[in-house]
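Data first, discussion second: the structure below is written as structure tokens.
The values are calculated or read from the model by the stated rules, or taken from the named source; none is laboratory data. The shown structure was predicted, so the numbers you read here are calculated from the model rather than taken from an experiment. All Cβ positions, glycine included, derive from the backbone under ideal geometry; neighbour counts span all protein chains shown. We work out accessible area using only protein heavy atoms, side chains counted, and drop any ligands, DNA or RNA first. Shrake-Rupley method; radii C 1.70, N 1.55, O 1.52, S 1.80 Å.
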Amino acid sequence: MKQWVRLHPRWATALALLVEWLILAVVFLLFGRPLLDASIESGMWTAASGIVWAFESRRSRRTAARLDEHGQVLAYVRYPDSRPGSLSGIWNMGIATPQVGWIDFQPAVYDTLEPSGRPMKIQVLEVRPERRAISGRERKYVSGLGNQAMTVVTETGRVEIAGDPDSLDKLADAAKRRP
């Protein structure tokens, strides 16, 4: 099912909106609304969901295109071996620029990706091959679905980097190369 959704995102969205409309119509009918009222109200709620989805997908495509122009990707970084209360459990969103042997990371906020801190150079000694899906507890700091996390080893310890699979591939390929 996931493969089909990835191959046909527009059809999947249309199907999801149709299912949403049907469920809402049934719920409104169960609460005693007339058929015409239930159909119209569920249609309005479904249209609102579709509009929100359209604006969100447009924004994310624009952001990805802007970053791709400069060879950058949206990524999330955390340091699992650091002290509790620091960035051990919180993902720091930012712009990652892959370089040969390291990753430049600029923390950023919001969908405008405005810089929010000082940039860091993550000197990569090793990229661990295994990747994992972001769990539900971690997801509150990572926007979007389908993101994965990979671990890189640096001179100071482990660093976890999360992002979509294509972004992680770009970062891993650049970090594995040696000058």
Residue among M120, M93 that alone is closer than 14 Å to R78 by Cα and more than 16 Å from the chain's Cα centre (by Cα) | M120
Across segment 125-150, what is the total count of residues that are open to solvent by 20 Å² or more (accessible area, probe 1.4 Å), over 21 Å from R66 (Cα atoms), touching a residue at least 12 places away in the same chain (Cβ under 8 Å) and not acidic (D, E)?
-> 8
Exactly one of (1) under 19 Å from the mean Cα position of the chain (by Cα); (2) open to solvent by 80 Å² or more (accessible area, probe 1.4 Å) is unmet by V5. Its number?
-> (2)
Can you tell me which of V153, V73 is in contact (Cβ under 8 Å) with a residue 40 or more places away in the chain and either within 30 Å of Q3 (Cα to Cα) or not acidic (D, E) (or both)?
-> V73
From the option list V77, V19, single residue qualifying as open to solvent by 40 Å² or more (accessible area, probe 1.4 Å) and at pLDDT 90 or above is V19
From (1) over 17 Å from the mean Cα position of the chain (by Cα); (2) under 19 Å from S143 (Cα atoms); (3) at pLDDT below 85, pick out the condition that doesn't hold for S49.
-> (3)
Might you let me know whether segment 118-133 holds any residue that is over 23 Å from R59 (Cβ atoms) and modelled with pLDDT under 85?
-> no
Restricting segment 108-124 to residues that are under 20 Å from D68 (Cβ atoms) and touching a residue at least 24 places away in the same chain (Cβ under 8 Å), the one surrounded by the fewest Cβ atoms within 10 Å (Cβ to Cβ) turns out to be D111
Filtering segment 89-107 down to residues that are open to solvent by 30 Å² or more (accessible area, probe 1.4 Å) and either closer than 22 Å to G136 by Cβ or aliphatic (A, V, I, L, M) (or both), which residue is modelled with the lowest pLDDT?
-> G89
If you go through segment 52-69 one residue at a time, do you hit one that is among the β-branched types (V, I, T), over 30 Å from S167 (Cα atoms) and without any contact (Cβ under 8 Å) to a residue 40 or more places away in the chain?
-> no
Mind listing whichever residues of segment 29-70 are under 30 Å from A96 (Cα atoms) and open to solvent by less than 50 Å² (accessible area, probe 1.4 Å)?
-> A54, S57, T63, L67
